[in-house]
Amino acid sequence: MIKEFTKGIIKENPLFIIVLGLCPALAVSTEVINAIGMGAGVIFVLLGSNICVSLLKNFIPEKVRIPCYIVIIASFVTIVEMVMEAYTPDLYKNLGIFVSLIVVNCVILGRAEAFASKNSVGRSILDALGMGIGFTLGLLLIAIIREVLGSGTITLFPIKAIKFNGKLTLGWLNKNSLKVFAFASGALLVMGYLKAFFNWMEQRLTRIKQQELENEELEKKEPGEKKSKDNMEKVS
Amino acid sequence: MKKLLKTILITGLKLFSICAVSAVVLGMLNFLTEPKIKANRIKQENLALAELTSKGKPGEKKAVKDETVDSYYEIMEDDQPVSYILNLNGSGYGGPGTLKIMANYTPDGGLLSARLLDNKETPGLGKKAENPAYMNKFLNRGGTDQPPIPTTLEELTRQMKQDTTRGTTQEKSSLQFANFFEWFFGKPKEGNQDSVTGATITFKGVGSVLAAGSTYVKSRLGVNND
C-alpha cells in the first residue's frame with residue numbers, strides 16, 4: 001500500500017518521468033513562492049478529485065465519465081481560486097491564469113481516469129498525495145535552480161512577526177545572475193538537464209535491479225553449479 | 001426504445017446531480033469568500049488611485065454605463081478638474097473583461113499614467129504589463145496635440161521611429177527598440193498582428209482599452225464637453 005504513495009515521488013514522478021503538466025510547471029517556476037503555491041493547489045485538487053472520483057466510481061455512468069471528472073476537478077479548482085483570491089491575493093496575482101488551468105492539468109485528469117476510477121478511496125488518497133508531492137517537489141527543484149541562478153534570490157512568504165520581507169538575496173549571485181534562467185528558454189534548459197538526470201538515474205536503478213534478479217535466480221537454480229564454478233576459477 | 005430512453009434519462013440525471021452538488025458547494029463558498037475578495041479589490045483600487053493622483057484630490061467615484069469604462073474619479077484642484085482617473089476593462093489573454101486598468105487622463109484625453117490591476121495574463125509574457133514601466137510607451141499620447149495611443153505593435157514601432165526623426169527624447173534607445181521589434185516580429189504588415197503570443201495580445205488589449213478611455217474623456221468628460 002505504501003508503494004502507492006512513494007511511486008509518485010521519484011519512480012513515477014509526474015514531471016520528470018511521466019512528463020505531465022509541463023506547461024504550467026515551466027511557466028510558474030520563476031519564483032520559489034509560485035512553485036509552493038501552485039504545488040499546494042495541485043495537491044488539494046488532486047486529493048479532492050481522487051477522493052470524489054473513487055467514491056462515485058460506481059455512480060458515474062461509463063459514457064459520461066470524462067464530463068463528470070471535469071465537473072469535479074473544475075469545482076475543486078474554483079474552490080482553490082476563491083480561497084487564494086480571498087486570503088493570498090498576491091500569490092493569486094502571480095499565478096494568474098495558471099490557477100484556472102489546473103482544470104486541464106493532465107496529472108489530475110490522468111490520475112482520476114487511470115487510478116481513482118479503479119481503486120479504493122484509501123489507495124486513491126495515497127496516490128494523490130504521492131503524485132501531488134512529487135509534482136510539487138519537481139516544481140520546487142526547477143524553481144530553486146531558476147530563481148537562484150536567474151535572479152540570485154529565493155522568494156518565500158513574508159513573515160511579519162520576525163520582520164522577514166519574504167525575499168532572500170544571495171549576495172554575489174544577485175549581482176551576477178544568469179538572466180537566461182529567468183526566461184522561458186532557461187525553464188526548458190533546466191527541465192532538459194533534470195530530465196536527462198532522471199533518465200540516467202532510472203536506467204541505473206533498472207540495471208541494478210536486473211543484476212540483483214539475475215543473481216537471485218542463479219542462486220536459486222543451481223547452488224552446486226555456482227560452487228563448482230567458483231572452484232574452477234580458483235584452480236585456474 | 002424505452003430502454004434506451006431510460007438509459008439516457010438516468011445518465012443525464014446523474015450528470016445533472018453532480019453538477020448541482022458542485023454548484024451548491026461553490027455557491028456557499030462564494031458567500032463566505034466574496035466580502036474578503038471585495039475588500040481586497042477596494043484596497044487595491046485605493047492604492048492605485050493614490051499612486052496615479054499626481055496633483056489635486058480625487059472626488060467621489062461615479063459609475064457609468066459604457067462598454068469599456070466602468071467608473072471614473074474627477075481630480076480637482078482649486079475647484080477645477082485637472083484630470084480624470086478611469087476604471088477600465090477590456091479583453092486580454094484570459095478573454096473579454098479580464099483586463100482591469102486604472103488610468104489618469106488630462107481633460108483633452110492625453111494619458112498621464114496607468115496601472116494594470118486584475119488580469120489573467122500569462123506569467124512571464126503578458127503579466128509584464130503589471131510593471132509600471134510597461135505603461136511608459138503609452139504615456140503623453142491621445143491628447144489634442146499628441147500622437148494617438150498605439151493599439152498595435154506596428155503602430156508603436158511607427159510612432160517610435162517618428163519620435164526619433166522629430167528629435168524628441170530617448171532618440172537612440174527608441175530607434176533601437178523599434179528596430180528590435182521589427183527584427184523580432186518581422187516587418188509589419190497591415191492587419192497581420194493577431195495572436196502571436198500572450199505578449200502581443202496583452203499589448204493590443206492594453207492599447208485598445210487606453211485608447212477607448214481617452215476617447216471617452218474627450219467625448220463625455222473633458223474639454224469637448226464644456
* If you rank B:Tyr93, B:Tyr72 by how much accessible surface each has, with a 1.4 Å probe, what is the order from largest down? -> B:Tyr93, B:Tyr72
* Around B:Leu99, which amide H atoms from residues at least 5 apart in sequence, or from another chain, sit under 5 Å from its own amide H, with H modelled in the peptide plane? -> B:Gly90, B:Gly92
* Structure fact -> Diffing the range B:66-73: the Karplus 3J(HN,Hα) column from phi (6.51, -1.76, 1.60, θ = phi - 60°), in whole Hz with x for Gly and Pro, holds 8, 4, 9, 8, 8, 6, 8, 10
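Can you give me the % of accessible surface on the protein assembly as shown that is carbon or sulfur? Probe 1.4 Å, all protein chains present, nothing else counted.
Ligands and nucleic acids excluded, carbon and sulfur reach 62 percent.
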* To do: Report, to the nearest 10°, how far helix A:65-87 tilts away from the longest principal axis of the Cα atoms in chain A, using its own Cα long axis and a range of 0 to 90°.
  => 50 degrees
* Partner chain coverage, peptide B:26-38 - average Cβ within 10 angstrom -> 3
* Under-5 Å amide H pairs with A:Leu15, H placed in peptide plane, nonlocal only -> A:Leu20
* Asked: So if R0 is 45 Å, what FRET efficiency would A:Arg204 and A:Thr88 give, r being the distance between their Cβ atoms, rounded to the nearest 0.05?
  -> 0.65
* **Phi-based couplings in Hz for the range B:96-110 (Karplus 6.51, -1.76, 1.60; Gly and Pro marked x)** => x, x, 9, 9, 9, 10, 10, 9, 9, 10, 6, x, 8, x, x
* Asked: P(r) for the protein assembly as shown: what percent of alpha-carbon pairs falls in each 20 Å bin, starting at zero?
  -> 19, 43, 27, 8, 2, 0
* First measure r as the distance between the Cβ atoms of A:Ile18 and B:Asp78, then evaluate 1/(1 + (r/R0)^6) with R0 = 56 Å and state the FRET efficiency to the nearest 0.05. => 0.25
* For A:Leu156, which sequence-distant residues (separation of 5 or more, or a different chain) have an amide H within less than 5 Å of its own amide H, given hydrogens modelled in the peptide plane? -> A:Lys167, A:Leu168
* Average beta carbon contacts from partner chains per residue of A:20-31, 10 Å cutoff -> 1
* To do: Assuming 1.002 mPa s and 20 °C, estimate D for the range A:99-216 with Stokes-Einstein, Rh taken as the Kirkwood radius over Cα pairs, in µm²/s.
  => 120 µm²/s
* Asked: Can you give the alpha-carbon Rg of chain A over 2.2 N^0.38 Å, where N counts its residues?
  -> 1.30
* Structure fact -> If each part is reduced to its alpha-carbon centroid, the range A:183-206 and the range B:69-89 end up apart, in Å, by 54 Å
* Asked: Across peptide A:85-91, what mean number of C-beta atoms from other chains lies inside 10 Å of a residue's C-beta?
  -> 4
* **Between the range A:71-105 and the range A:11-70, the Cα center-to-center distance that results, in Å** => 13 Å
* Asked: Within the set A:Lys167/B:Lys204; A:Lys179/B:Lys36; B:Lys65/B:Lys120; A:Lys57/B:Lys36; B:Lys57/B:Lys120; B:Lys62/B:Lys161, which residue pairs have Cα atoms separated by over 29 Å?
  -> A:Lys167/B:Lys204; A:Lys179/B:Lys36; A:Lys57/B:Lys36; B:Lys57/B:Lys120; B:Lys62/B:Lys161
* Give me the accessible area of B:Thr215, 1.4 Å probe, in Å² rounded to the nearest 10. => 80 Å²
* To do: Would you mind putting A:130-137, A:160-167, B:140-147 in packing order, based on average other-beta-carbon counts within 10 Å, highest first?
  => A:130-137, B:140-147, A:160-167
* Using alpha carbons only, how many degrees (0 to 90, rounded to 10) separate the axis of helix A:184-221 from the longest principal axis of chain A? -> 30 degrees
* To do: Step through the residues of the range A:32-45 one at a time and calculate ³J(HN,Hα) from phi using the Karplus curve (6.51 cos²θ - 1.76 cosθ + 1.60, θ = phi - 60°), rounding each to whole Hz and writing x for Gly and Pro.
  => 4, 4, 5, 5, 5, x, 5, x, 4, x, 5, 4, 4, 5
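The values are calculated or read from the model by the stated rules, or taken from the named source; none is laboratory data. As the structure is a computational prediction, the values presented were derived from the model and not from experiment. Here the Cβ is made from the backbone with ideal geometry for all residues, glycine too, and neighbour counts use every protein chain on show. Heavy atoms of the whole protein, side chains included, go into the accessibility calculation; ligands, DNA and RNA do not. Shrake-Rupley method; radii C 1.70, N 1.55, O 1.52, S 1.80 Å.
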